[in-house]
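Below is one structure, written out as structure tokens; the observations come after it.
What follows draws every value from the coordinates through simple rules; no lab data is involved. Treat the numbers as computed from the prediction; the structure is a model and nothing was measured. Cβ atoms come from the backbone with ideal geometry, glycine included; neighbour counts cover every protein chain shown.
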Amino acid sequence: MAFVVQAHIDDHTMTTETAKEAFAKAIDWHVVQRLTGVPITDPTKTYSIDAFALAMALLEIAKTAVATAEQKAEGKNDAGG
């Protein structure tokens with residue numbers, strides 16, 4: 001999935017392949033170059049930097065919860081019950 005990061009000064013736009021790259025570029029533009037209102041867009045939604053960070057954190061938490069549940073289920077199956 002491609003992500004688009006856009007700055008509102010001189011209409012700078014960058015397309016990235018990963019969420020990590022998009023977040024890094026948005027932070028760079030916001031912090032280093034002091035641009036405001038740097039959105040990150042995926043094919044379905046546009047996020048502010050903080051909303052994108054929250055969405056990615058929640059996704060990682062969900063992946064961890066699923067992996068933990070799968071490991072517990074495998075452990076019970078291996079123990080015979």
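Among the conditions (1) more than 10 Å from the chain's Cα centre (by Cα); (2) more than 13 Å from Gln6 (Cα to Cα), the only one that Ser48 does not satisfy is (2). Within this structure, Leu35 passes the test of being in a loop (DSSP other than H, G, I, E, B), surrounded by 11 or more Cβ atoms within 10 Å (Cβ to Cβ) and out of contact with any Ser or Thr (no Cβ under 8 Å at 6 or more places or on another chain). Of the residues that sit in region 4-27 and are surrounded by fewer than 13 Cβ atoms within 10 Å (Cβ to Cβ) and within 16 Å of Ala53 (Cα to Cα), which one is nearest to the chain's Cα centre (by Cα)? Residue satisfying both the conditions and the ranking: Lys20.
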